[in-house]
1. Within the range 136-152, identify whether any single residue is modelled with pLDDT of 90 or more, touching a helix residue (DSSP H, G or I) at 6+ places or on another chain (Cβ under 9 Å), surrounded by 15 or more Cβ atoms within 10 Å (Cβ to Cβ) and not in a helix (DSSP H, G or I), and answer yes or no.
2. Scan the range 166-199 for residues that are under 22 Å from Asp140 (Cβ atoms), of a type in the set (A, V, I, L, M) and not in a helix (DSSP H, G or I) and jot them down.
3. Do we find that Thr208 is assigned to a loop (DSSP other than H, G, I, E, B), in contact with a Lys or Arg (Cβ under 7 Å, 6 or more places away or on another chain) and buried (at least 19 other Cβ atoms within 10 Å of the Cβ) in this structure?
4. Which one of Thr800, Thr812 is of a type in the set (Ser, Thr, Tyr), modelled with pLDDT of 80 or more and part of a loop (DSSP other than H, G, I, E, B)?
5. Glu491 is checked against (1) under 27 Å from Ile221 (Cα atoms); (2) surrounded by 12 or more Cβ atoms within 10 Å (Cβ to Cβ) and fails just one. What number does that condition carry?
6. Only helices (runs of 4 or more DSSP H) wholly contained in the range 338-430 count here; list those with 1 or more residues that are in contact with an Asp or Glu (Cβ under 9 Å, 6 or more places away or on another chain) and within 30 Å of Leu742 (Cα to Cα).
7. Restricting the search to the range 333-383, which residues are among the charged types (D, E, K, R) and within 30 Å of Ala254 (Cβ to Cβ)?
8. Out of (1) assigned to a helix (DSSP H, G or I); (2) under 29 Å from Pro676 (Cβ atoms), the odd one out for Gln261 is which?
Amino acid sequence: MTSRLSIPSGDESDISPGHSEIFSDHASDTDSSTAPSVFDSSSESESESEVESEDDLASEDEEEQLPPEYYLHEAESLDVSQLRQKRYSPKTQERLDEAQHFWDEFCKGTKRDPVECLSWLSDSEETVRFLKALFSWRCDQRRGKDGRRTAGVKTKSTLDAFWKWWHLIYKAEIGHSLSKDVHVKIRDVLAIVATEKRLSLKGRPKATMYVEDVAEFARVILSTTEMTFPCGWYRIQLLLFCQLAAITGSRPGALLKLRFQDLKLTLVRDPNGGRPRLFIYLRPEFTKSFLGEKESNTFPIPEIIFDPTLVLSPHVFLLGILFRIGAFKSISKDGPVMDCPEKLYRLRVLHGLGEQELKLKDEILDQNVFCQALREPDGIRIALEERLTRGWLSYRMKRGGEITGFAEVAKPYCLRYGAAKAFNDSPDVSNELQNVMLQHASIDTFVRHYSVGIHVDAQAIVRGLPAQKQLMRFACSMSRSIDPRRPYRLEDSSCINDIPRVRTLEERKQVRKQDRDAKKRTYENAQAALQRDFGDNLSRRNFPQSRTIRKRRKAQEKRVKKLWQKFDNADEQYDRSVKQLRNEKGRQRNRLIRENLERYKNEQPVIDSERQLSGKVVDEEVLVALERTGYMTPQHMTLIDTVLTMPGTTIEKEYERRIAAINAVIAVCDAEEGAPSRRRVTQKRSADDVDMPPAVPLPKRQSPTPSDKRDDTFSKAIASVCVKSPTERPTICFICLGSPSLPQSDRLWMYKNSGSLSRHFVNKHIKPFPNDMRCECSICGEKLESKSALLNHAERVHGTVSRSSKTALGLT
């Protein structure tokens with residue numbers, strides 16, 4: 001068989017010219033280069049198409065580009081006058097608005113226009129005299145915005161701050177500041193006004209909370225019952241805030257705005273071997289931005305194994321919060337997911353990797369870490385969208401500092417001061433790194449505002465002796481001033497009612513109350529007479545009546561309207577007198593507390609010294625004041641027992657300790673706390689009783705009730721709230737009884753009568769919620785879709801009735 005490409009030797013005419021050119025070895029270069037090919041034609045077509053496509057893209061780009069005139073027209077809508085105002089934070093803007101209010105009031109009193117008056121000011125002596133009058137007037141003001149009473153200017157630093165705020169207003173309006181010569185004269189004017197008004201030259205003291213102070217403060221917050229919260233979630237949030245603020249030194253406002261996307265949790269491989277370490281990468285973004293946005297810092301916080309105290313461990317409390325809200329991301333439908341700390345600490349870093357990141361759910365990344373817990377009909381709901389307020393944080397820290405016994409006021413910024421001083425004292429932190437961590441422009445900011453007091457042993461340095469660092473650190477800390485006996489509250493507030501000013505306001509309130517009640521009766525009688533005389537004809541204007549009747553009806557309606565206006569005015573005056581009395585009692589209470597604290601500060605050290613010298617026992621009073629009384633939920637007790645523990649002896653026991661603490665945090669988040677307990681008042685002992693041995697104290701906790709007796713009590717209570725007849729009226733709230741997060745005493749509370757129960761039911765479970773509320777009865781399991789359904793269910797099944805109007809119940 002011959003090949004298809006073989007050529008017969010005798011006849012070459014059968015070979016086509018094309019074939020010879022293709023397969024011939026003697027073909028010329030020109031022929032080969034110019035010969036058509038399927039590959040050449042396809043490449044040419046592709047190149048042509050690419051050129052066409054590039055031309056199309058270029059034309060599209062040219063079509064998208066807009067001419068410069070478009071941007072010039074768009075820039076005309078920019079309001080340049082508002083640019084300077086946008087540089088200030090909301091808090092700074094509040095101070096500017098306050099200064100603007102006082103400036104407007106001063107100009108109003110002098111019958112001048114505020115804007116024109118600013119333009120009139122110049123670098124003249126008359127301007128200095130005018131500003132001197134402004135400062136003197138400001139010191140004498142006792143009413144602020146909306147007529148609210150203010151403390152006024154008490155210190156020279158407050159007057160200096162007012163001058164700075166006013167000068168910012170002047171620069172924003174005029175466009176330039178006053179001359180340096182006027183500035184120098186104003187400093188002298190401020191000193192003269194301070195002397196004339198007897199202003200204090202001492203500024204507000206700045207307290208520094210070192211880590212030892214934070215540990216004691218956190219221990220008190222963890223275990224106290226003198227300050228309670230609606231639920232344990234708030235207690236955990238306060239502890240976590242103090243821990244993070246003490247570690248990072250971040251501004252309180254930045255931490256409060258922390259979101260879950262600013263957190264990164266990851267297991268990092270330990271270079272020394274062993275289990276991986278849990279790291280929290282914290283990045284507060286919302287910082288001070290007066291001169292533009294600052295670049296955020298990322299703080300890596302490693303988990304400390306064998307931590308001496310878990311009360312300073314943010315990992316325990318943050319993990320408890322994350323597991324409580326189910327924050328960790330999951331993909332598996334039927335397999336195991338990370339929903340408990342036991343599974344977390346079973347994870348390892350895969351071979352070849354450096355970390356194992358723990359992802360959070362996408363839907364919570366933009367939610368707040370420090371958020372509120374709202375009470376709803378079926379329990380507590382963690383509202384991640386509702387951020388904690390600065391006022392709530394300041395009040396809770398102040399109250400916690402009072403319970404701890406600090407002489408200084410515990411404020412959120414004290415934590416930043418303590419962290420800043422720790423950074424400055426550390427040899428591992430340079431000045432440049434400290435500026436980055438604290439977000440300061442230079443070290444001068446720390447020296448001027450943060451370096452509070454001298455906390456070094458100057459004597460040892462001068463004499464060349466070893467410095468007593470620990471002693472000096474404690475001597476300069478807030479813990480040095482701890483005294484739990486300090487009277488931050490009035491034990492007997494009835495003495496306030498004997499103050500002449502309070503008695504006068506109380507008499508005025510009673511007189512206005514009698515006047516209001518008399519006018520109310522007159523109005524109701526006139527309204528009843530009008531209804532009696534004309535009845536249903538009042539609503540029918542076209543009803544045929546004689547002219548005399550219509551005239552008499554209009555006269556009575558006019559009289560009723562006047563009586564209503566008189567009653568309304570009397571009611572407003574009565575409400576005003578009640579508000580004045582309440583505010584005056586608050587001012588007098590605060591005044592008495594300040595006087596008691598000042599007297600205690602001056603006299604109690606002398607009394608303690610004299611009693612010690614006379615051989616009397618003083619420590620017993622302090623120990624009694626340290627005892628915490630009051631009811632604690634079982635979850636709260638478990639939290640205290642697991643957090644305040646010693647480190648484990650082995651690595652396994654240490655992780656068991658941390659897991660138990662995290663589980664306790666999870667459990668306490670939903671536990672509703674009761675009313676705060678009052679500090680135990682020590683009874684004074686006579687001189688004859690000094691040598692007598694102290695009596696044996698009673699046990700703090702009673703023996704627990706057996707479970708069978710407890711179950712029997714609840715069974716009887718449940719049976720009592722399920723009525724069998726429409727006339728049966730129980731005295732236990734069925735909603736509180738079915739709430740397992742409440743203390744047992746609150747769940748089984750028996751009211752005096754059915755009327756007291758109805759008032760409790762309406763005020764706590766009806767009024768605070770909207771009409772479209774949804775809940776489920778924990779006693780009988782029925783789902784209720786609205787407030788009306790809950791009211792009907794309460795009366796029909798549980799015998800709890802509420803005869804209030806729809807307006808009182810919030811149904812309109």
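The values are calculated or read from the model by the stated rules, or taken from the named source; none is laboratory data. Since this is a predicted model, take the numbers as computed values, not measurements. Note that we place each Cβ from the backbone using ideal geometry, even for glycine, and neighbour counts take in every protein chain shown.
1. No, the range 136-152 contains no residue that is modelled with pLDDT of 90 or more, touching a helix residue (DSSP H, G or I) at 6+ places or on another chain (Cβ under 9 Å), surrounded by 15 or more Cβ atoms within 10 Å (Cβ to Cβ) and not in a helix (DSSP H, G or I).
2. Leu199
3. Spelling it out, Thr208 is indeed assigned to a loop (DSSP other than H, G, I, E, B), in contact with a Lys or Arg (Cβ under 7 Å, 6 or more places away or on another chain) and buried (at least 19 other Cβ atoms within 10 Å of the Cβ).
4. Thr800
5. Answer for Glu491: the failing condition is (2).
6. Hits in the range 338-430: 390-404.
7. Glu355, Glu357, Lys359, Lys361, Asp362, Glu363, Asp366, Arg375, Arg381 - these are the residues of the range 333-383 that are among the charged types (D, E, K, R) and within 30 Å of Ala254 (Cβ to Cβ).
8. The one condition Gln261 does not meet is (2).
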